Amino acid sequence: MLIMIIGVTLFPLIFSYYMSAHNMTILNFWNPVFIGFDNYVRVLLSTDFWASVRFSILFMFVAASAELLLGLFLSLFLERSFRGRRVIVSLILIPMAIAPALFGIMIKLMLNEFIGLVPFLLRQIGVRMNFFSDFTTIFTVLIATDMIQWTPFVFIILYAALHSLPREPIEAAYIDGASGWKVLRHVKIPMLWKTITLIAIFRIMDSLRTFDMIYVLTGGGPGISTTTVSINIFKVALIRGDFGLAAASTIIFFYLSMIVLSFGLKELRRAGVV
Amino acid sequence: MMKNSFFNRIYFGFVLLIIVILFATPIAFVIWTSFRSYGSILAGQFTTFHYSLENYINVLFNPGYAFTKGLWNSLVVSSISTLLAIAVTIPAAYAVARLNTGGGSLIPFIFSMRLLPPIIFAVPLFVLLNFSGLIDNIVGLIVIYTTFNIPLSFLVLRSFVLDIPLEIEESAMTDGCNRLEVLRYVTLPLLKPGLVAASILCFIFTWSEYLFALLFTIKNAVTINVVASQFVTQQAIRYGDIAAAVTVGMIPNTIFLLLIQRYLVRGLTMGALRG
């Protein structure tokens, strides 16, 4: 098993060093030419690459924090029991089950100007808009899509964690006259902190890697304005066919992700999760 | 706590309604669209209803679409890579949980494999698959998905092994079983829910995967997500067909997810939280 893991993960990583030091394109795939650090220089000087890094980081921060907040709100909102709660919880979970690529297509249909539900409703109140014209609107659409799909992730973990919290400290705080907000701020959130850290790391890493949903919805456009690093590398490799350059971008992205991940792993170790 | 006054209940119901609309509308809309006839969709009117199964018939039987091929490939690739990953990780998870093989750095390493962006592995894997002639071949996809299922299945199974009381195994040992017999006759039967949960999680992951499927396939090994995302015909965009394809594509995962709701938290956090 370890051989297989190394074969499919560690070896490619080492192999990408080899690729990144060669001029390796569709044209000279079988006999790449050694060019040293040229590919790295090209990546580091590439405005496209840094634009994609900037967009990925922006998307990561906005999506992860919005999902954490909404997920926390939902889990607190559904904390008390009522009839039909199980149905609502299951309903909220479903978007998470759908492949992000398919979910992107769904949203695309929803927003389609001819057949979509949202433009239709907006037309009823006299608003005509194209959801894929300017950056702000597209960015809002992308964040909203990511939120609908991945807030359930945050929600279900926090929901389960809230229900497994010991009741005594919470009840004691209420008896001592604390308000709902104060109990949340000073009792529940501290007890949930380890869980919140874990969820934050998962969401941060997952939104940093986003490919499927954005690729299906915008293809990285208009221009390159919604190109994440994943989409950038994908395009350099598959559409421009420049594997050496893609490998160099891969390695730089690997170290950037490792910086984020090492903070995460340190937090996890401190929380005693791994 | 909150007073159960009239206004409170109105507020509660209102927020609940918004939640339901937010999370259910995209899915409901696509399912609804998939049952509308071609003409009815193109009329752009939401007031004319004409339902038919033509989109499904089109998607499943029109030879111009590769949809059934994608569906079949997805089923084969997801099932085989799930089974392989589970088979490989049962002994591994047991060894690490009970004998502490690999020491303290193994778990963070495997955790990182799940958390790192898959694009990091994509470019070199593409070249390697190209060298070995496995591009556009489901064998290539199976090998890669099996590997990426291993961390998930391993960590989830490990957490299930840790849940089995040690005393049961110890008493089997004092009765004369060796380690392998304990694993086979004591641990494995107790691990059944864990095996089901881990398999389903692996299946969901593989079924949803898009990046590798898009990169490593051209025509023969395409998976359902790739087919569905490229569903544009020459004459006109057949929205109904797209909707039908998406609806079919989301069925297995939705059913599976609802089936293992109990173990969902454990699976989503790779066994870090029990839920």
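Values in this text are rule-based calculations from the coordinates and carry no lab data. Keep in mind that what you see is a predicted model, and the values were worked out from it rather than measured. Here Cβ is always computed from backbone atoms with ideal geometry, including for glycine, and neighbour counts include all displayed protein chains.
In whole percent, what relative contact order does region B:65-268 give with Cα contacts below 8 Å and a gap of six or more residues? The partial results should precede the final answer.
On the way: 189 pairs, mean separation 72.2, N = 204.
About 35 percent, as a whole number.
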Report task. On a 0 to 90° scale, report how tilted helix A:135-163 is relative to the longest principal axis of chain A, with both axes built from alpha carbons and the result rounded to the nearest 10. Result -> 50
Report summary line: Subtracting the Cα-Cα distance of B:TYR51 and B:LEU188 from 0.36 nm times their residue separation yields 44.4 nm
Query - chymotrypsin sites (Phe, Trp or Tyr not before Pro) restricted to region A:200-274 and DSSP loop, no more than 15 other C-beta within 10 Å - result: none
Requested in this report: Relative to the longest principal axis of the C-alpha atoms of chain B, give the angle of the C-alpha long axis of helix B:6-34, reported between 0 and 90° and rounded to the nearest 10°.
Outcome: 80
Report summary line: Rounded to one decimal in nm, the spacing of the 7 Å Cα→Cβ label points at B:LEU180 and B:SER105 is 3.1
Requested in this report: Determine which lysines satisfy two conditions relative to A:LYS266: a Cα distance under 16 Å, and not lying fewer than 8 residues away in the same chain.
Outcome: A:LYS194
Query raised in the report: Which net charge results when you count Lys and Arg as +1 and Asp and Glu as -1 among the other residues whose beta-carbon is under 12 Å from that of A:THR145?
Result: -2
Query raised in the report: How long, wide and thick is the protein assembly as shown, going by the Cα atoms along their three principal axes, in whole angstroms, largest first?
Result: 64, 64, 47
Query raised in the report: Cα convex hull of region B:6-56: mean projected area in nm², to one decimal?
Result: 4.6
Report summary line: P(r) of region A:51-232 over all Cα-Cα pairs, 5 Å bins starting at 0, rounded to whole percent, reads 1, 8, 14, 17, 15, 14, 11, 8, 6, 4, 2, 0
Query raised in the report: Quick one: longest stretch of chain A between exposed loop trypsin sites (Lys or Arg not before Pro), exposed meaning at most 16 other C-beta atoms within 10 Å and loop per DSSP?
Result: A:129-239
Requested in this report: Please work out the FRET efficiency for the pair B:ALA24 and B:VAL196, using the Cβ-Cβ distance as r and a Förster radius of 25 Å; give the result to the nearest 0.05.
Outcome: 0.35
Report task. Return the aspartates and glutamates within reach of B:LYS219: Cα separation strictly under 14 angstrom, same-chain partners fewer than 8 residues apart disregarded; answer none if there are no such residues. Result -> B:ASP136
**Report entry** Summed residue charge, Cβ within 15 Å of B:VAL15's Cβ, Lys/Arg positive, Asp/Glu negative
**Finding:** +2
Report summary line: By the C-alpha gyration tensor axes a ≥ b ≥ c (rounded if a/c is under 1.5, else prolate when a/b exceeds b/c, else oblate), the shape of region B:65-268 is prolate
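Longest segment of chain B with no trypsin sites (Lys or Arg not before Pro) in a DSSP loop having at most 10 other Cβ atoms within 10 Å? It would help to have the intermediate numbers written out before the result.
Working: sites that count: B:LYS3, B:LYS219.
Counting only loop sites that pass the neighbour cut-off, the longest clear stretch is B:4-218.
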Report summary line: Rounded to two decimals, the Debye log10 I(q)/I(0) of region B:79-184 (Cα scatterers, no solvent) at q = 0.21 Å⁻¹ is -1.12
